[in-house]
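The structure under discussion appears below in the form of structure tokens.
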Amino acid sequence: MQRMEDIQLHMWATPNSRRVSILFEELELDFEVRPVNIRAGQQFEPQVLELNPFGKVPVVTWRDGDTRRVLFESGAILVRFAECRNQFLPADGSARDKTLAWLMVVLTALGPHSSQAHHWSRLAAAPSELALQHHKQLVKRVYRLLDDRLSNAPYLAGEHYSIADIAAYPWIDVWEWTTLNIRDFPSIEDWYQKLRQRPAVARGMGLPLGAVLE
Ligand SMILES: N[C@@H](CCC(=O)N[C@@H](CS)C(=O)NCC(=O)O)C(=O)O
């Protein structure tokens, strides 16, 4: 295993950030949380932009020998650390293919569509019912897909809990933002309750300690 020392996770109380804090808790990594309050604009401070020119969290840095390594984008971080520890992402075969395929669905559809629905349901300065309905329909299509998948398999990738589940969980946790009702998706709800029981999930969802996303 490669050396990964002095791991720092730059994050806020956001779904994309908590994908990484959940994985780190699952892997029992020793890491330091560096809070970046995105509502206070801290993601645009020079020391954050130096790590991620996109000005977004999560970002992870760690020491690898004499080098300080930096990685942004939650999906890239999940793959990197799961691979490094050989956990939650099978090394090869169809189990790996399935994990990556479902991870991509979550990264490219569940997260972005839920985030847009959140904008139009709660954050937009000038509300638009048309925009909200548009994004809600997109989220509903993903929820239906996940619900169907989880009615046939215990986890998104199949038999085993993986980084696809870890990436999805924090977005399902904020289902109310989408204006959909999780009770209409019983297999997602069962999966959500199962993951909620995992101590590492609870710890990861509690970070940064005391932080709230207004
Ligand atoms: N594709 C990126 C998205 C990261 C992202 O959108 N992070 C949000 C918080 S969940 C953020 O930093 N927002 C602040 C901003 O966009 O200014 C990832 O998965 O890491």
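Each value in this text was obtained by applying a stated rule to the coordinates, not by laboratory testing. Everything quoted here is computed from the prediction, not taken from an experiment. We place every Cβ from the backbone using ideal geometry, glycine too, and count neighbours over all the protein chains shown.
Each Lys or Arg adds one and each Asp or Glu subtracts one; over the other residues with Cβ under 13 Å from the Cβ of residue 205, this totals +2. Within straight-line reach of residue 98, meaning a Cα separation under 13 Å, sit the following aspartates and glutamates at least 8 residues removed in sequence or on another chain: 159, 165. Less than 13 Å Cβ to Cβ from residue 137, Lys/Arg counted +1 and Asp/Glu -1: what total charge do the surrounding residues give? With Lys, Arg at +1 and Asp, Glu at -1, the neighbours total +3. Shown for 22, 172, 182: other C-beta atoms within 10 Å of each C-beta, ranked fewest to most, produce the order 182, 172, 22. Local charge sum around residue 63 (other residues, Cβ-Cβ under 11 Å, Lys/Arg +1, Asp/Glu -1)? Here the count lands on -1.
Its Cα centre serving as origin, region 93-198 has a Cβ charge dipole (Lys and Arg +1, Asp and Glu -1) of approximately 100 debye.
Only helices enter the 222 nm calculation for the chain: every DSSP H run of n ≥ 4 contributes -39,500 (n - 2.57), and dividing by all residues gives -14500 deg cm²/dmol, rounded to 500. Calculated over region 93-198, the projected area of the Cα convex hull averaged across directions stands at 6.3 nm². Fully extending the segment from residue 144 to residue 183, taken as 0.36 nm per residue of separation minus the present Cα-Cα distance, adds 12.8 nm. GNM remark for the chain: springs join alpha carbons under 10 Å apart, and the peak mean-square fluctuation among 190, 64, 92 falls on 92.
Size descriptor for the chain, Kirkwood hydrodynamic radius: 17.8 Å (Cα pairs only, one decimal). Across region 4-49, Cα pairs under 8 Å and at least six residues apart give a relative contact order of 42 percent.
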